[in-house]
């Protein structure tokens, strides 16, 4: 307790000791939150297994020590509980270590921080955010000077520096230190120039758009981006417009979650909108819903948004050096589209730390688009992380361009199915209370391959833990004789296992409606059979 700089967590810990909360204390002191390629993320509270000021100070000390003497670090933060305090602690530790801290001017989207690292020529960056996690959580993402999140072995080496910092006194500068610079709006203005540069065509119809910030920090930057791009201001969902770390109107502040878009859809009905767009709390993800022919609304899947963005970008850019990237768990439709367009394609491990990597490592390639099915998109190499603001602008543009030629987003999805085959996907997340359950599920997948699923033989197995072309990771893929596939892996940020299903129908008869019906039935059968094989409840999904 003596080392803890925060009176709140000191008092919290003292109360647990006084109350004899042995089990709770054991849980909090059973280890230390592990620093990995996603940085740190966990519940706020006292103890080394929680996110708190002491842990953040040690993480900052280890990171700046890793970067080296005199390092410049950009520090950003969202509007979660303690985010501003953790950012201030980080800046003061950087300055105390002889470095220079550049602090963003207020709670801002994660992509602004990722952009700022590159734009300002910094040696590294820190973003205090837990993205779309529940309100009790916070997190700590780090970036290197290339503007991308860390990958191995950097995570291991930084973790070693953090452990070393934990064994010594950490110099902490005054808040008034000359080595701490409070940045102004010029960084956001430069980011908005990049957003405006993402425009690919002016041949678009104006659209009525409803937007929700999901109680996060995206609203002001997105409104400024719309204005900079010449779009009419969207209708903002008022109850979710202001930053609120308690996220009172949603169970989970994630556009993927059931019910998260309900208020936005109600607003769209009220104003007669053409499109609904949503950011998660740190605005690095984009959700989209579109009107259906029967007068309702449909939320697009992450894969559908991804292939629509890719299609728009590929049709409005040129060159066989263009590179598009997605992940091993995303739809294979992007690969077919890339082949047809004659451009480079790479499938990586999950996470934008990997998605941006091929564009950095191959000097012959020009990165034009990358996505992961969990609503993460990159439409510009100037931001080397997923970015829900630039993706939103691009999606509004593509929807407007389709409208100009008398088509809808759903029409274009049908056209892509006819051109490249229907790729129907479903993501199934199994939430667990005990993390050991995830290990059991993965062990069951590796220990027993089903001979068939949904009436089709399992003809191929790929255990990504064995490595190969990609770094080893905890994931298993089964391929079926009809072209369907199943991928299973643990979530990297939440207590759940994730299952990815994909069914491919070549629409030989030209009837997309019938193909979608066949694919939906096949997805349902896959889910039922897989749940039975793994002994999990097929209804525990998001």
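If you scan the range 508-526, which residues turn out to be in contact (Cβ under 8 Å) with a residue 60 or more places away in the chain and either surrounded by fewer than 21 Cβ atoms within 10 Å (Cβ to Cβ) or not assigned by TED's automatic domain parsing to the domain that holds residue 454 (or both)?
Restricting attention to the range 508-526, the residues satisfying the condition of being in contact (Cβ under 8 Å) with a residue 60 or more places away in the chain are 510, 512, 515-516, 519-520, 522-523, 525-526.
If the condition is that a residue be in contact (Cβ under 8 Å) with a residue 60 or more places away in the chain and either surrounded by fewer than 21 Cβ atoms within 10 Å (Cβ to Cβ) or not assigned by TED's automatic domain parsing to the domain that holds residue 454 (or both), then 510, 512, 516, 520, 523, 525 are the ones that fit.
Among the candidates 352, 395, which residue alone is at pLDDT 95 or above, under 13 Å from residue 198 (Cα atoms) and either surrounded by 19 or more Cβ atoms within 10 Å (Cβ to Cβ) or not assigned by TED's automatic domain parsing to the domain that holds residue 463 (or both)?
Numbers: 352 fails: under 13 Å from residue 198 (Cα atoms).
None of the other options fit; the residue is 395.
May I ask you to say which residue of 280, 321 is more than 23 Å from residue 495 (Cβ to Cβ) and not assigned by TED's automatic domain parsing to the domain that holds residue 84? Walk me through it before giving the result.
Values: 280 fails: more than 23 Å from residue 495 (Cβ to Cβ).
Answer to the check: 321.
For the range 294-325, what are the residues that are in contact (Cβ under 8 Å) with a residue 60 or more places away in the chain and over 23 Å from the mean Cα position of the chain (by Cα)?
Filtering the range 294-325 for residues in contact (Cβ under 8 Å) with a residue 60 or more places away in the chain gives 298, 300-313, 316-317.
Listed by number, the residues that qualify are 316, 317.
Condition check ((1) at pLDDT 95 or above; (2) under 23 Å from residue 400 (Cα atoms); (3) outside any loop (DSSP other than H, G, I, E, B); (4) in contact with a helix residue (DSSP H, G or I) (Cβ under 9 Å, 6 or more places away or on another chain)) across all residues:
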site	(1), (2), (3), (4)
298	yes, yes, yes, yes
312	yes, yes, yes, yes
319	yes, no, no, no
345	yes, no, yes, yes
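Limited to the range 1-10, what total is found for residues that are out of contact with any helix residue (DSSP H, G or I) (no Cβ under 9 Å at 6 or more places or on another chain) and exposed (fewer than 13 other Cβ atoms within 10 Å of the Cβ)?
Counting residues in the range 1-10 that are out of contact with any helix residue (DSSP H, G or I) (no Cβ under 9 Å at 6 or more places or on another chain) and exposed (fewer than 13 other Cβ atoms within 10 Å of the Cβ) gives 1.
Name the residue, out of 190, 238, that is farther than 20 Å from residue 394 by Cα and over 22 Å from the mean Cα position of the chain (by Cα). Outline the logic, then answer.
Numbers: 190 fails: farther than 20 Å from residue 394 by Cα.
Within the list 190, 238, the selection yields 238.
Filter the range 11-48 down to the residues that are touching a strand residue (DSSP E or B) at 6+ places or on another chain (Cβ under 9 Å), surrounded by fewer than 19 Cβ atoms within 10 Å (Cβ to Cβ) and not in a loop (DSSP other than H, G, I, E, B) and list them by number. Steps first, please.
Keep residues of the range 11-48 that are touching a strand residue (DSSP E or B) at 6+ places or on another chain (Cβ under 9 Å), which gives 33-35, 37-45.
If we keep only those that are surrounded by fewer than 19 Cβ atoms within 10 Å (Cβ to Cβ) too, we end up with 34, 43, 45.
43, the sole residue that qualifies.
(1) part of a strand (DSSP E or B); (2) within 23 Å of residue 265 (Cβ to Cβ): which one isn't true of residue 325, the others all being true?
(2)
Looking for whichever is under 16 Å from the mean Cα position of the chain (by Cα) and free of Cβ contacts under 8 Å to residues at least 40 places away in the same chain here; the options are 355, 328. Which one fits? Quick ask: steps written out before the conclusion?
Values: 328 fails: free of Cβ contacts under 8 Å to residues at least 40 places away in the same chain.
Result: 355 is the single residue among 355, 328 that is under 16 Å from the mean Cα position of the chain (by Cα) and free of Cβ contacts under 8 Å to residues at least 40 places away in the same chain.
Quick check on residue 194: is it farther than 19 Å from residue 387 by Cβ and buried (at least 17 other Cβ atoms within 10 Å of the Cβ)? Reasoning before the result, please.
Numbers: farther than 19 Å from residue 387 by Cβ: no; buried (at least 17 other Cβ atoms within 10 Å of the Cβ): yes.
No; evaluated as a whole, the condition is false for this residue.
Can you find a residue in the range 412-425 that is free of Cβ contacts under 8 Å to residues at least 60 places away in the same chain and in a loop (DSSP other than H, G, I, E, B)?
Our first condition is that a residue be free of Cβ contacts under 8 Å to residues at least 60 places away in the same chain; within the range 412-425, this holds for 415.
Checking which are in a loop (DSSP other than H, G, I, E, B) leaves us with none.
No - not one qualifying residue is present in the range 412-425.
Which of the residues spanning the range 25-41 are over 14 Å from residue 87 (Cα atoms) and touching a helix residue (DSSP H, G or I) at 6+ places or on another chain (Cβ under 9 Å)? Outline the logic, then answer.
Here is the first cut: in the range 25-41, the residues over 14 Å from residue 87 (Cα atoms) are 25-39, 41.
Within the range 25-41, 25, 28, 32, 33, 34, 35, 36, 37, 38, 39 qualify.
Does residue 89 qualify as being under 19 Å from the mean Cα position of the chain (by Cα) and touching a residue at least 40 places away in the same chain (Cβ under 8 Å)? Give the steps one after another, and end with the answer.
Values: under 19 Å from the mean Cα position of the chain (by Cα): no; touching a residue at least 40 places away in the same chain (Cβ under 8 Å): yes.
So residue 89 does not fit the description; no.
How about the range 352-396: which of its residues are in a loop (DSSP other than H, G, I, E, B) and out of contact with any helix residue (DSSP H, G or I) (no Cβ under 8 Å at 6 or more places or on another chain)? Before the answer, list the steps.
In the first step, residues of the range 352-396 are kept if they are in a loop (DSSP other than H, G, I, E, B); the result is 356, 362-365, 373-375, 379-387.
The answer is 356, 362, 363, 364.
For the range 280-289, state whether one or more residues are surrounded by fewer than 21 Cβ atoms within 10 Å (Cβ to Cβ) and at pLDDT 95 or above. So that I can check it myself, show each step before the final result.
First, pick out the residues of the range 280-289 that are surrounded by fewer than 21 Cβ atoms within 10 Å (Cβ to Cβ): none.
No.
The values are calculated or read from the model by the stated rules, or taken from the named source; none is laboratory data. Just so you know, these numbers come straight off a predicted model, no measurement behind them. So basically every Cβ, Gly included, is an ideal-geometry build from the backbone, and we count neighbours across all protein chains shown.
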